[in-house]
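Below is one structure, written out as structure tokens; comments come after it.
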Amino acid sequence: MSKYTHKSISVICFGMGAIGTYIGGSLAAQGAKVTFIEKKEFIKDADAKEIHLNIGGNEISVRNFEITSDVRQATSGEQIDVALLAVKSNDTASVLELLTGLEEDFPPVLCLQNGVDNEGLIARKLGEEKVIGGSITSAVGRSGLGNIRLEKLRGVGIETGHPISQTLIDWFNLAGLRAKGYESRADMKWSKMLTNLLANATSAILNWTPAQVYSHRLTWRIELEQIREAMEVMRRMHIHLVNLPGTPVKPLMILLNSLPSNLSRTLIGAPLAKGRGAKMPSFHIDLYSGKTTSEVTFLNGAVSRYASKVGVPSPVNDGLCQLLEQMASGEVSKEEFANQPEKLDQWLKRIK
């Protein structure tokens, strides 16, 4: 353990969703000074201002933290060492608006969000020198504000090279978050995004579990095609596959990209379904909770945008993004494609 773990750290965390509460709460449990920034209407639901972490069956109660909806208030006292950004990508712009007028003195931001565009948005607002890429691979569930269950410990990737990177890695490891440093932000974030694509959009569109998606020949082929499109974009952009904490991304994606569809479904589909567990993917959760926007814009949609820039066809990512955006907005009903993989397959073929 380096000397930095003996130094105090002051953190603000945007968002008390599953990831923000897990990271912020775990740091606070080890003595970090943590202030959560959350919408005013959600703060009143905090259970007596206490976080409950269920880690490996052990219940940890955390009380030494603050919650506010006022960013200026949170940053007006002592120096803040780092801000954690743990909101959905479709909320990034609204969070950054809160920082107007605070840019000069605002601390560096560790971006723990999915997708590959958020760091660029933060850099345009605060400057590249205040951006640190991050990726979390642990599976975390939430049952109400402040109640978190660690479903699968894998770890957290943190971009190295920033003056505070090693301090963060040390503190995260002290808090049991299993952190690992990565030199290349792009390699880390794109490798993570590949894992986020699997059984996500397809699950939401069909109202299927990941196990159903992985076991059907048509939906398995859709999964393979979206991954292969994304990997070709990475190849054109000279971005490399890397393994993430607890997640062997590199061998998995190489096999998905190279094996025949039927063979890969037999060898890989069942283990993937088992590893996913019973929890529905995030796109499905958001769609069926009534949210009118979807993070698909920043995952499959990002593949489409970068594919266009480098001249790579991406019909499957294009189609999945378009369709799920339309379902979220209400333009297409959730029932339109439910339990109809053949209909989805035909719809995607028309995009081509």
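Just so you know, all these numbers are worked out from the coordinates, no wet-lab data involved. Keep in mind it's a predicted model, so treat the numbers as computed, not measured. Here the Cβ positions follow ideal geometry from the backbone for every residue, glycine too, while neighbour counts run over all protein chains shown.
Observations, loosely collected:
- Most to least packed among 55-67, 260-272 [average Cβ atoms within 10 Å]: 260-272, 55-67
- Put a dot 7 Å past the Cα of residue 7, heading toward its Cβ, do the same for residue 154, and the two dots end up 3.1 nm apart.
- Placing a label point 7 Å from the Cα of residue 54 along the Cα-to-Cβ line, the residues of the range 135-159 whose backbone N sits under 12 Å from it are 141-144, 147-152.
- Nearest-20 debye value, the range 189-351 charge dipole, Cβ charges on Lys, Arg, Asp, Glu: 540 debye
- Pairwise centroid distance, computed over Cα atoms, of the range 230-272 with the range 96-126, Å: 30 Å
- Multiplying the residue separation of residue 217 and residue 255 by 0.36 nm and subtracting their alpha-carbon distance yields 12.0 nm.
- Most mobile listed residue (96, 177, 206) in the chain, GNM with C-alpha springs under 10 Å: 96
- P(r) tail, the range 112-198: Cα-Cα pairs separated by more than 21 Å, 35% of all pairs.
- Entry note, the chain: relative contact order of 15 percent, from Cα contacts under 8 Å with a spacing of 6+ residues.
- The range 3-183 - Rg (one decimal) and Dmax (whole number), Cα, Å: 14.9, 44
- q = 0.07, 0.08, 0.11, 0.15 Å⁻¹, the chain: log10 I(q)/I(0) [Debye, one scatterer per Cα]: -0.29, -0.38, -0.74, -1.35
- Contour minus Cα-Cα distance for residue 142 and residue 128 (0.36 nm per residue): 1.8 nm
- Lys, Arg +1 and Asp, Glu -1 on Cβ, resulting dipole of the range 3-183 about Cα centre, debye, nearest 20: 540 debye
- Space enclosed by the convex hull of the alpha-carbon atoms of the range 189-351, per residue, Å³: 107 Å³
- Compared with the alpha-carbon gap, the fully stretched path from residue 68 to residue 40 is longer by 9.3 nm at 0.36 nm per residue.
- The calculated FRET efficiency for residue 228 paired with residue 331, based on their beta-carbon distance and R0 = 22 Å, is about 0.20.
- Given 39/334; 125/274; 39/130; 40/309, the pairs whose alpha carbons are separated by over 32 Å: 125/274; 40/309
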